[in-house]
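The structure under discussion appears below in the form of structure tokens.
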Amino acid sequence: MRKKLRLKSKFIPVNVPKLSNQEKINVKKCLTSGWISSEGEYVKKFEEDFSKYNNRIYGVAVSSGTGALEIALKSLDLKRGDEIIIPTFSIISTALCVIKLGLKPILVDSDLATWNMDSEQVIKKISRNTKAIIITHIYGFPVDLQNVLRLAKKKNIKIIEDAAEMIGQTYFKKKCGSFGDISTFSFYANKHITTGEGGMILTNDKRLYEKCKSLRNLCFGKDNNRFNHDDIGWNYRMTNLQAAIGCGQLKNISKIIRRKREIGRRYISILNKSKIIFIQPYKLNYAKNIFWVFGVLLKKNANISRDRIVKKLLKKNIQTRTFFFPMHKQKIFKKMKVFPKNQKFVNAEYLSKNGFYLPSGLGISNSDIDFVGKTLIKILENKN
């Protein structure tokens, strides 16, 4: 029997979102109604449904995960110069929201097993000036945060839980995004639930809820004094069209998580034979991997660089993304002299230099997963 050849021209992007018919129905209804901006039934419904799903009381829909972080942090009414503990290994939004408000970011290194911020280092970095911690869950597992939460409560330190990559994930069977004083999410196209662009803030504190609602809407005045503003806020509103998509996506969240874990298991079955890469396990004692993306980390015994692998995969029409670039190494922050010179975070630097992730969006097919995995194995074995 002749072996079926794969067409070379097919490009496999790092992410392809998946939309159902429900999203189309919702958007059509939204368009027909004329309510396409930030007013309309879907914004409120998405806030209520998403809050309920994550066991929170209040939700504030916003235009992005970055906007959610900025609003959440400002709602805490911290003072200029207050210290905020954040991971160095994260997207730049985490540091930006701190710096923009005149607060002082204190960096911690990563845990090489989960790639998250190292919770033991978080505890060591707490000082009398620490006023908040941004717990940032990344890639597949949540931060192991129980000791951090316990100490933060004792010292009255505020917790912002950034669960942008953890929609549907749990920590000891409790939803990520349900911990701490306030939590944030992103609905960018590569997240488990997407609205194209978008974000959400969740809290159980009514005062924080009211503050966040005001901040996302330019802090307009009340009643007949609308254009006399109470504070400096942003136009970070989510549109009714985006929320209509979000409502449809949320209905399928169980299927989405199940498929994400299927993608992870399939990659693991192909790649676990390699001796020169580390791939995260399917589960730890406190959580199952939710595989926001499928990450690969080169071991120290690898005889090929990450960048070389990425180039070889691209020649096979396979798109990848390299891991985050640490905050203490960012050109702009060096120019601004945000962090002390010569700070070293060995684990974060290793992850940044040697990590990348494979196509793992919800739209990927099993045959594409197999092709990507087997192609990577050949590259690692110097057969491609």
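We did not get these values from a lab; they are worked out from the coordinates using the rules stated. Because the structure is predicted, anything quoted here is derived from the model rather than measured. Every residue, glycine among them, receives a Cβ derived from its backbone with ideal geometry; neighbour counts consider all protein chains shown.
Any chance you could count how many residues in segment 215-241 are among the β-branched types (Val, Ile, Thr) and either touching an Asp or Glu at 6+ places or on another chain (Cβ under 7 Å) or in contact (Cβ under 8 Å) with a residue 40 or more places away in the chain (or both)?
1
So which residues in segment 127-157 are touching a Lys or Arg at 6+ places or on another chain (Cβ under 7 Å) and under 26 Å from Leu351 (Cα atoms), if there are any at all? It would help to see each step written out before you state the result.
In the first step, residues of segment 127-157 are kept if they are touching a Lys or Arg at 6+ places or on another chain (Cβ under 7 Å); the result is 131-132, 157.
Scanning segment 127-157 gives a single hit, Ala132.
Output the residues belonging to segment 351-384 that are within 25 Å of Pro105 (Cβ to Cβ) and surrounded by fewer than 18 Cβ atoms within 10 Å (Cβ to Cβ).
Lys353
Which members of segment 165-186 meet the condition of being touching a helix residue (DSSP H, G or I) at 6+ places or on another chain (Cβ under 6 Å) and closer than 17 Å to Lys288 by Cα? Even if it seems obvious, please write down each step before you answer.
Just the residues of segment 165-186 that are touching a helix residue (DSSP H, G or I) at 6+ places or on another chain (Cβ under 6 Å), to begin with: 168, 182, 184, 186.
Once the filter is applied, which keeps residues that are touching a helix residue (DSSP H, G or I) at 6+ places or on another chain (Cβ under 6 Å) and closer than 17 Å to Lys288 by Cα, segment 165-186 yields only Gly168.
For the structure I just gave you, tell me whether Asn54 is in contact (Cβ under 8 Å) with a residue 40 or more places away in the chain and in contact with a strand residue (DSSP E or B) (Cβ under 6 Å, 6 or more places away or on another chain).
Against the criterion (in contact (Cβ under 8 Å) with a residue 40 or more places away in the chain and in contact with a strand residue (DSSP E or B) (Cβ under 6 Å, 6 or more places away or on another chain)), Asn54 qualifies.
So, in segment 44-61, exactly how many residues are buried (at least 19 other Cβ atoms within 10 Å of the Cβ) and over 16 Å from Ile167 (Cα atoms)?
Selection size over segment 44-61: 1.
Taking the criterion of being more than 24 Å from Ser119 (Cα to Cα) and part of a strand (DSSP E or B), would at least one residue in segment 4-12 satisfy it?
Yes, because at least one residue in segment 4-12 is more than 24 Å from Ser119 (Cα to Cα) and part of a strand (DSSP E or B).
Quick one: how many residues across segment 193-214 are closer than 18 Å to Met238 by Cα and either in contact (Cβ under 8 Å) with a residue 24 or more places away in the chain or assigned to a loop (DSSP other than H, G, I, E, B) (or both)?
Step one: filter segment 193-214 for residues closer than 18 Å to Met238 by Cα, giving 193-203, 209-214.
Now narrow it down to the ones that are either in contact (Cβ under 8 Å) with a residue 24 or more places away in the chain or assigned to a loop (DSSP other than H, G, I, E, B) (or both): 193-203, 209, 211-213.
The qualifying residues number 15.
Which of (1) crowded, with 23+ Cβ neighbours inside 10 Å; (2) part of a strand (DSSP E or B) does Ile159 not meet, given it meets every other one?
Status for Ile159: all satisfied but (1).
Kindly indicate the residue of segment 266-316 that is surrounded by fewer than 16 Cβ atoms within 10 Å (Cβ to Cβ) and polar (S, T, N, Q) and also nearest to His137 (Cα to Cα) among those meeting that condition.
That would be Asn285.
Test of understanding: among Ile86, Ile106, which residue is part of a strand (DSSP E or B), touching a Lys or Arg at 6+ places or on another chain (Cβ under 7 Å), farther than 16 Å from Cys247 by Cα and of a type in the set (A, V, I, L, M, F, W, C)?
Ile106
Answer yes if at least one residue in segment 184-207 is over 15 Å from the mean Cα position of the chain (by Cα) and under 24 Å from Leu107 (Cβ atoms), and no otherwise.
No, that holds for no residue.
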